[in-house]
Amino acid sequence: GRRPHAGGAVMFNPDFYPTPPEVAAEMLDPLDLRGKAVLEPSAGKGDLVRECLARGAAEVLWCEKEPHLRDILTSIPCATPAHSYADFLQVQAADVSHIDLICMNPPFSADEAHILHAWEIAPPGCEIVALANWNTVSGQFRGLQLQLAKLVEAYGSLEDLGECFSTAERPTRV
């Protein structure tokens, strides 16, 4: 259920950290979303979904496990669930074969698994922009973190946004 969190924000689950507007801008400013199809795999209450639509995305598919958050998301025009999947890790490539961008703020407890799954299902030419705990993408790697580090080294880039959630709706030092 929903529980108040320090500072008055509602905590839907331990991984619920809404994307601050300035972080969404940092993620999306370099991109032209006009007419594009976007997937937001851990949509929360829709902060990134709304920002993508405001920037001209034609369609935003989303996934969200929390039923109360899904109720909020269903009220956003031009935003639709990615088939019947609440859990992004169940989404298959065929379900999202038309998307141009995956924009994500995945659960910090499993960010590497979510980013790797995005890579596995992304169609050719699809861009992926993801937030991650800096510890996930820097330092000593093992398991999925090692796979992600190799993927980023070969195809991507990193930018340290610092403690960008320190003054967020639900603050964290992650």
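The values are calculated or read from the model by the stated rules, or taken from the named source; none is laboratory data. Being a predicted model, the structure only gives us computed values, none of them experimental. Virtual Cβ from ideal backbone geometry, glycine too; neighbours counted across all protein chains shown. Remember, those area values only see protein heavy atoms, side chains included, never the ligands or the DNA or RNA. Shrake-Rupley method; radii C 1.70, N 1.55, O 1.52, S 1.80 Å.
When we screen LEU116, LEU61, LEU148, LEU89 for residues that are out of contact with any strand residue (DSSP E or B) (no Cβ under 9 Å at 6 or more places or on another chain), crowded, with 20+ Cβ neighbours inside 10 Å and not in a loop (DSSP other than H, G, I, E, B), the only hit is LEU148.
Being assigned to a loop (DSSP other than H, G, I, E, B), open to solvent by 40 Å² or more (accessible area, probe 1.4 Å), at positive phi and modelled with pLDDT of 75 or more, is that true of even one residue in region 16-25? No; the residues of region 16-25 include none that is assigned to a loop (DSSP other than H, G, I, E, B), open to solvent by 40 Å² or more (accessible area, probe 1.4 Å), at positive phi and modelled with pLDDT of 75 or more. Would it be correct to say that CYS103 is touching a helix residue (DSSP H, G or I) at 6+ places or on another chain (Cβ under 6 Å), at pLDDT 95 or above and not acidic (Asp, Glu)? Answer is yes for this residue. Look at (1) small (Gly, Ala, Ser); (2) in contact with a Pro (Cβ under 8 Å, 6 or more places away or on another chain); (3) farther than 22 Å from GLU120 by Cα and you find that ALA54 fails only one, number (2).
For region 119-134, filtered to residues that are at pLDDT 95 or above and not in a loop (DSSP other than H, G, I, E, B), the residue that is most open to solvent (accessible area, probe 1.4 Å) is GLU120.
Here ASP71 meets the list (1) open to solvent by less than 10 Å² (accessible area, probe 1.4 Å); (2) assigned to a helix (DSSP H, G or I) almost entirely, failing just condition (1).
How about region 57-98: which of its residues are in contact (Cβ under 8 Å) with a residue 40 or more places away in the chain and under 18 Å from PHE16 (Cα atoms)? Passing the criteria: LYS65, GLU66, HIS68, LEU69, PHE88.
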